[in-house]
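Please treat every number below as a calculation from the coordinates, not as lab data. On a predicted model such as this, the values are computed, not experimentally measured, just so you know. Every residue, glycine as well, gets a Cβ built from its backbone with ideal geometry; the counts of neighbours run over all protein chains shown.
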Amino acid sequence: MTARRLRWAAWPVLAVLAAAIPAAGTAGAAAAPAATVTVNARAGLATVPDTGIGINHAVWDSQLGTDQVADLFGAAGVRTMRYPGGSYGDIYHWKDNTAPGGYVAPNTDFDTFMGGVRRAGAQPIIIANYGTGTPQEAADWVRYANVTKGYGVKYWEIGNELYGNGHYGANWEADNHADKSPTAYANGVVAYADAMKAVDPGVKIGAVLTTPANWPDGIVGSGDTATWNQTVLSIAGPHIDFVILHWYPTGSTAAEALTKPEQIGDMIYAAREQITRYAGPNAGRIGISMTETNTPVGMDTQPGALFAADTYSSLLANGVFTVDWWDTHNGGTKLSTVAGYPDYGDSGLLSSATCLDGGVCEPALNTPFAPYYGLKMLSTFARPGDQFVQAAADDPLVGAHAVRRPNGDLAVLLLNEDPDQARAVTLNYAGYTPAAGAPQVFTFTNGATAISSAATGTSGAQTLPPYSLTTVVLHPAATASGGPGAPGQPTATATDRTATISWPAAAPGAHPIAKYEVYRQLGAVSEQWGETTGTSLDVGNLVPGSRYTINVLARDTAGNVSASSPPLTLTTGAPATSSCTVRLTDVTDWASGFVGGIHVTGTGVVGDWTLTFSWPTARQHLTGGWSGTWAQNGSTVTVSSSSPPAAGVDVGFTADYSGPNILPTAFTLNGVLCAAG
């Protein structure tokens, strides 16, 4: 939480020049290590929204709304700006532009902010004051914004990190309510939503959740009956349109920090599962936003640019509708050298021109730091309307993302996270044939102050400089005219071993649709599950307790193949009936480990028995257990006992986790798959 404390600080503006620091050396002459990247155009992910690339703006920032900042954001492709600034959202009063207990810079009122938003070609996300405000104050803001001024502000958050109001011990978020429980917040969200939608039924209301595996996720507070997320979703779910996550991963080195985006797929899956389980009917309409994130290492240097591009791409590919960097200006905190360049510990995208102890100063005011170029590269790579498709590398220091554009072009974003060596990358494609010739390549290298562009390399081979971001834009070898449209969003009903997948029909092009093909994603490889002339398919031989991501493609009578449908993720569970039942309970959780309780019944089991399950992720590990003999081998966990299970036996364990704690759902007793207890 140390990075977020800076949100309370006034932001000093000093027009100074940066200290001269030598640039990093160039890579040696040795041959670059080789890596292979596979791009699978059949494996479709989420479509890039028009709100995807976002930033935070704050009323304590004297540059808020200025033309220079707005133009920088417009040039970087920023589409969303959040206001009035993190925790300031719970002390800020919009009518008189004040924040009692905090600093508000001159000329930072709501209208000034909206002027900058419009100049940049973006749209706003507004934090309505829950901590020290009222539903009426928020409703008046909606009326002023959308009725009086006609700004059309669509997205409204109800407060900021209200789980930090002291209820769980830590207290950084202002909250004047006597009751600071998740129940009180959830009821407050309902009151705010009702008041604000009475003014403008078209506004979208967001509620604050804890991010899976980040404090206080999984913790049940004193006097509560459930976690923050379960409580808020159960009460406020029918009244909200999106949820709000914040993610500040930990890490002591740049290399460690750059591994953290690997958790994002499980993080968003876990959040979506909670929404589905607790938010009531039609929970699929509820979107997910990530309105604050930043890197723990290299905030102003190349690791920050790499982290930003990887994190935004991963979140957007997983269906998050906006990702908002913390923040625009923040001020330096500590000077260090990262990959040969000065890093000021400044979480802003743009320099505040502050000076640190020893007289070392940041660059001139509004000079972009490296993460700014990470966002600018992202907007070059993934445009609204593009569809993410699967891409993967065989080298852990090479990252890969890809999008397919509506015009048939393919863009591939490549990250070299090795600070010392280039990578000679071979690119392979599935479901796509690129045109011959040198593609257009955009590159941002360590220490650069601009993104370069050139036609270089080939569609099958590129060299990535050390610590760099590279976007390769490809055209198709042949553009098929009149091909079929993509099938609609698939849905499924699943058992323990089977699933029925259905989808809306695709629009035919110049030729009739001959059939639909259903594919399972296996990283950057697809496995065809079947094909049909109809719009549903039954599949079998699935593994209980497993997660599958599916796409559907249409093929017409001329052999033209559509773009991929949106993805469907389904999870198989336990059988409806069995000779045994198992109920797993997360008894106590502390956001990095938990106590699990398992209740086992087994009809006809005599003598010794063994219960077996597998962890859903590689980041979960058994640390101890009782009422049986516990062991873990790889991801498989066993507990053995001789206590007769016919009437029910309780066993328990402790486990650690790093990253989202997705619980197992399939258990076997002496090799028999058990039903849910």
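For segment 390-474, averaging the sequence separation of C-alpha pairs within contact (under 8 Å, six or more residues apart) and dividing by the residue count gives a relative contact order of 34 percent. Given a Förster distance of 22 angstrom, what is the FRET efficiency for T276 paired with V543, based on the Cβ-Cβ distance and rounded to 0.05? The value I calculate is 0.55.
Note: relative contact order over segment 283-346, using C-alpha pairs below 8 Å and six or more positions apart, is 40 percent.
What translational diffusion coefficient, to the nearest whole µm²/s, does segment 580-676 have by Stokes-Einstein, given a Kirkwood radius computed over alpha-carbon pairs, a temperature of 37 °C and 0.692 mPa s viscosity?
245 µm²/s
Cα centroids of segment 224-255 and segment 604-665: 28 Å apart.
Label-to-label distance for N187 and W626 is 3.7 nm, based on points extended 7 Å past Cα in the beta-carbon direction.
Between S453 and R119, what is the FRET efficiency for a Förster distance of 30 Å, r being their Cβ-Cβ separation, to the nearest 0.05?
On the way: r = 25 Å, r/R0 = 0.84.
Efficiency for this residue pair is about 0.75.
What does the extension gain come out to for T36 and N428, with contour length at 0.36 nm per residue minus their alpha carbon separation? Walk me through the numbers on the way to the answer.
Details: separation 392, 0.36 × 392 = 141.12 nm, distance 0.75 nm.
Length gained, T36 through N428: 140.4 nm.
Cα centroid distance between segment 387-420 and segment 455-472, in Å? Taking the Cα centre of segment 455-472 as reference, the centre of segment 387-420 is 11 Å away. Selection among P201, L622, Q387 by position relative to the dipole of the chain gives Q387 as farthest towards the positive end (Cβ unit charges, Cα centre). As a ratio to 2.2 N^0.38 Å, the alpha-carbon radius of gyration for segment 390-474 is 1.04.
What number, in percent, do you get for the relative contact order of the chain if the mean sequence gap of Cα pairs under 8 Å and at least 6 apart is divided by its residue count?
Working: 1757 pairs, mean separation 94.3, N = 677.
Relative contact order for the chain comes out at 14 percent.
In this structure, the amide hydrogen of L474, modeled 1.01 Å from its nitrogen in the peptide plane, lies closer than 5 angstrom to those of L410, A411, V412, counting only residues at least 5 positions away or on a different chain. Residues in segment 141-156 carry Karplus couplings, in order, of 5, 4, 4, 5, 5, 9, 9, 5, 9, x, 6, x, 6, 8, 9, 10 Hz; the curve used is 6.51 cos²θ - 1.76 cosθ + 1.60 with θ = phi - 60°, and Gly or Pro positions show x.
May I ask what percent, to the nearest 5, of DSSP beta bridges between residues of the chain are antiparallel?
Working: 110 of 148 bridges.
The antiparallel proportion sits near 75 percent.
How big is the dipole moment of segment 215-344 about its Cα centre under a simple scheme where the beta carbon of each Lys and Arg is +1, that of each Asp and Glu is -1, and everything else is neutral? Debye, nearest 20, please.
Computed charge dipole of segment 215-344: roughly 220 debye.
On the principal axes of its alpha-carbon atoms, the chain has extents of 80, 67, 52 Å, going from largest to smallest.
Each label point was placed 7 Å from the Cα along the Cα-to-Cβ direction; for S222 and D67 their separation is 5.6 nm.
Whole-percent P(r), segment 32-145, all Cα pairs, 5 Å bins from 0: 2, 11, 19, 18, 15, 10, 7, 5, 5, 4, 3, 1, 0. In this structure, A198 and D111 have a Cβ-Cβ separation that, at R0 = 22 Å, corresponds to a calculated FRET efficiency of about 0.40.
Go ahead and collect, in residue order, the members of segment 374-414 whose backbone nitrogen is under 17 Å from a label point 7 Å along the Cα-Cβ direction of A478. In segment 374-414, the label zone of A478 (backbone N under 17 Å from the point 7 Å along Cα→Cβ) covers 408-409.
Taking the Cα centre as origin and putting +1 on Lys and Arg beta-carbons and -1 on Asp and Glu beta-carbons, what dipole magnitude results for the chain, to the nearest 20 debye? Mind dumping the intermediate values first?
Numbers: 32 positive and 51 negative charges, 253 e Å.
Approximately 1220 debye in magnitude.
Sum -39500 (n - 2.57) across every DSSP H segment of at least 4 residues in the chain, then divide by the residue count to get the 222 nm mean residue ellipticity, nearest 500. Show your work: numbers first, answer last.
Working: 10 runs with 106 residues, N = 677.
So the helix-based figure for the chain works out to -4500 deg cm²/dmol.
Convex hull volume of the Cα atoms of segment 472-619, normalised per residue: 168 Å³. The charge dipole of segment 334-419, taken about the Cα centre with unit charges on the Cβ atoms of Lys, Arg (+1) and Asp, Glu (-1), comes to about 400 debye, rounded to the nearest 20.
Using a simple spin-label model with pseudo-atoms 7 Å out from Cα toward Cβ, S658 and D586 lie 2.0 nm apart.
Segment 59-80 and segment 147-191 have Cα centres separated by 26 Å.
Using only the Cα atoms of segment 491-571, what semi-axes does the equivalent ellipsoid have when each is the square root of 5 times a gyration tensor eigenvalue? Give whole Å, largest first. Before the final figure, lay out each step's value.
Numbers: eigenvalues 114, 32, 19 Å².
The equivalent ellipsoid of segment 491-571 has semi-axes of 24, 13, 10 Å.
The equivalent ellipsoid of segment 202-323 has semi-axes of 28, 17, 11 Å, largest first, where each one is the square root of 5 times an eigenvalue of the Cα gyration tensor.
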